[in-house]
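The structure appears right after this line, and notes come after that.
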Amino acid sequence: MQCPKIVLSNLRTKSLNKEYQYTRLYRNLYNPDFFLLAYDNLSKNDGALTIGVDQRSIDGFSMKEVEDLISVLKSKSYQPYPSRRTYIEKKNGKKRPLGIPS
């Protein structure tokens, strides 16, 4: 499997071509290194240890969960949790919807 940083760099380059159509992006999610790269990026955020709406934080994430997630993705049986909908106020006083992933 290719290095996620190289794959992401290639995807970024191809995104500059408005005519380019991506194919088989889903298969990148079968590579555990993508999840490790995401974990590394997320863990550096100030709020990384904040408990989410599912009562979990990034601190409890494990390779077992990555393997289980990849297995579910491969079997095409992944069911994401619904987003929590909230409304935030805009400068003009109106509110806009914001979906918060759980």
Long-range HN-HN contacts of ARG84 with modeled amide H, under 5 Å: ILE100, SER102
How long are the semi-axes of the equivalent ellipsoid of the stretch 1-48, taking √(5λ) for every eigenvalue λ of the Cα gyration tensor, in whole Å from largest down? 23, 14, 9
Give a quick list of trypsin sites (Lys or Arg not before Pro) in the stretch 2-65 that DSSP marks as loop, anything other than H, G, I, E or B, with at most 16 other Cβ atoms within 10 Å. LYS18, ARG24, LYS44, ARG56
Based on the Cα gyration tensor of the chain, what are the three equivalent ellipsoid semi-axes, each the root of five times an eigenvalue, rounded to whole Å and given largest first? 27, 22, 15
Run the quick spin-label model on ASN28 and ASN10: label points 7 Å from Cα toward the beta carbon, then report their separation in nm to one decimal. 1.0 nm
Could you work out the local net charge near GLY52, counting Lys and Arg as +1, Asp and Glu as -1, over the other residues with Cβ closer than 12 Å to its Cβ? 0
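Each reported figure results from applying straightforward, stated rules to the coordinates on display, with no laboratory input. Just so you know, these numbers come straight off a predicted model, no measurement behind them. Note that we place each Cβ from the backbone using ideal geometry, even for glycine, and neighbour counts take in every protein chain shown.
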